[in-house]
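Asks: Let me begin by handing over the structure; questions about it come next.
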Amino acid sequence: MRTPTPTPRQKKTNTRSSTAAISEPLAKRPRLVLDEDPALLDADADPEIVFVGMRRMGPAPFNSPHADLTIRTLTDTTFMVHRSILAAASPVLAAKIASVAKNSTARQDTVVGQDFSELCEIALPESDFVVETLLRFIYPLPDPVLLDLDDLVDVYVAATERYSIAYATAALQRALSSPRFLDQDPVRVYAIAQRFALEELAKDATRSALKHPSDWPNYEEFRNMSADHYHSLLTTHRRIAREAAVCVASPFLFQRARPVMLANMSSRASVCSKSFTCWWEKYVERAKPVLLDTPTSDKVCSPAFVAGLATHIACQSCREALLTTVLPNGYIQLVKEALDALPAQHGL
Ligand SMILES: [Zn+2]
């Protein structure tokens, strides 16, 4: 039994920056902004020098002096953006902006060294990271590259469930199906796909999960997935594993590859009391446990796996026969085709 490495989930902070495009954390880019609330001013202090609020400003280009909208995040960071761009990207933001613009009068906010007129402000219950990432999808900038699955889900939930940002939703779905996540965390991707009813992604993730043993950790994503979906993933993995083991143990493929084997053996290799099956018995013995664990052709059809058998075959003729298995139309090619076809037989 292999012991998988659990993927620890940590409490997220509000100023993470795990995207390639967001290379400079917000925390390194603070700016002082005068707080405009007179109730917070100390009456005894010199009004010309008292700063009662320290507010971070978003990075360029979300600090534009030509902005007509400010977004304030959960941690009081301000992003200075353009209403028309946000309204075009999100019907939810468009409605929010229209409501705020209607109720506000033209006013003047003062940022140290800069004046802005006719600014509207909306407060979004999001972390700095989520707001900045969404803005990078909304603005005509290169798509941010998310390196962490937790971060991706945070942004995806905001884009789909709270703001209906179609472009970000599509881009994040493409990111979820990238090898970065499918190869490393297929079971977590499967749970996420089921949570958001992404059927094709769930199939892709199920196929990728075959490359990993089924004794996966109790991932946090399972809490948002039904027991039915969990059961489906587990039973599919186990069924394909059993079928892969049966497939490799069947003499059918051996017999199909036998002509290629005999045609490519030298005349000296003509002595085997078991009709040149020594290598095949050893192959089945060593491949079955691998396939019951990870039912794909990746390991058992690799040159390294085949080469590793040679030292375990006493029969000299069968050691030579083993070499013929990697030839075109040889035994390994047939095994690979049979194993690779198994997921499709389960609708994957
Ligand atoms: Zn033999």
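Asks: Per residue of the stretch 236-245, in order, report the coupling 6.51 cos²θ - 1.76 cosθ + 1.60 (Karplus, θ = phi - 60°) as ³J(HN,Hα) in whole Hz, putting x for Gly and Pro.
Replies: Ordered by residue, 3J(HN,Hα) equals 4, 4, 6, 5, 5, 4, 5, 5, 5, 5 Hz.
Asks: Once a ≥ b ≥ c are taken as the square roots of the eigenvalues of the Cα gyration tensor of the stretch 277-333, is the result rounded (a/c under 1.5), prolate (a/b larger than b/c) or oblate (a/b not larger than b/c)? Could the numbers behind the result be given before it?
Replies: Details: a/c = 2.12, a/b = 1.38, b/c = 1.54.
Oblate is the answer for the stretch 277-333, as a/c is 1.5 or above yet b/c matches or exceeds a/b.
Asks: Give me the net charge of Asp143's neighbourhood, meaning all other residues with Cβ under 10 Å from the Cβ of Asp143; Lys, Arg count +1, Asp, Glu -1. Don't skip to the answer; put the middle values down first.
Replies: Working: positive: Arg136, Arg174; negative: none.
Result for the neighbourhood of Asp143: +2.
Asks: Compute the normalised compactness of the stretch 244-346: alpha-carbon radius of gyration over 2.2 N^0.38 Å, N being the residue count. Could the numbers behind the result be given before it?
Replies: Numbers: Rg = 13.1 Å, N = 103, 2.2 N^0.38 = 12.8 Å.
My calculation over the Cα atoms of the stretch 244-346 gives 1.02.
Asks: On a full-extension model of 0.36 nm per residue, what is the gain between Ser250 and Ser64, subtracting their alpha-carbon distance, rounded to one decimal in nm?
Replies: Details: separation 186, 0.36 × 186 = 66.96 nm, distance 6.86 nm.
Using 0.36 nm per residue and subtracting the Cα-Cα distance, I get 60.1 nm.
Asks: Taking 0.36 nm per residue of separation and subtracting the Cα-Cα distance, what length does fully extending Ser232 through Gln184 add? Walk me through the numbers on the way to the answer.
Replies: Working: separation 48, 0.36 × 48 = 17.28 nm, distance 2.02 nm.
Extra length available between Ser232 and Gln184 comes to 15.3 nm.
Asks: Separate question: Which entries in the list Lys211/Lys288; Lys211/Lys274; Lys274/Lys299 go over 24 Å, if you measure between the two C-alpha atoms of each? Intermediate results must be reported in sequence, preceding the final value.
Replies: Working: Lys211/Lys288 15 Å; Lys211/Lys274 34 Å; Lys274/Lys299 27 Å.
Where the Cα-Cα span goes over 24 Å, the pairs concerned are Lys211/Lys274; Lys274/Lys299.
Asks: Relative to the Cα centre, what is the charge dipole magnitude of the stretch 244-346, using +1 at the beta carbon of each Lys and Arg, -1 at the beta carbon of each Asp and Glu, and rounding to the nearest 20 debye? Intermediate results must be reported in sequence, preceding the final value.
Replies: Working: 10 positive and 7 negative charges, 59 e Å.
In total the dipole reaches around 280 debye.
Asks: Please compute the modelled spin-label separation between Asp76 and Asn329, points set 7 Å along Cα→Cβ, answer in nm with one decimal.
Replies: Between Asn329 and Asp76, the label points sit 7.7 nm apart.
Asks: Going by a ≥ b ≥ c, the root eigenvalues of the Cα gyration tensor, does the stretch 181-222 fall in the rounded group (a/c under 1.5), the prolate group (a/b larger than b/c) or the oblate group? Display every interim value, and only then the final one.
Replies: Working: a/c = 2.09, a/b = 1.22, b/c = 1.72.
Note, shape of the stretch 181-222 comes out oblate.
Asks: Shape of the stretch 132-242 from its Cα gyration tensor (a ≥ b ≥ c, root eigenvalues): rounded if a/c is under 1.5, otherwise prolate when a/b > b/c, or oblate? Present the calculation step by step, with values, prior to reporting the outcome.
Replies: Working: a/c = 2.52, a/b = 2.03, b/c = 1.24.
Prolate, since a/c reaches 1.5 and a/b exceeds b/c.
Every number here is computed from the coordinates shown, using simple stated rules; none is lab data. Predicted, not measured: the structure shown is a model, and the values here were computed from it. Ideal geometry is used to build each Cβ from the backbone, glycine not excepted, and the neighbour counts take in all protein chains shown.
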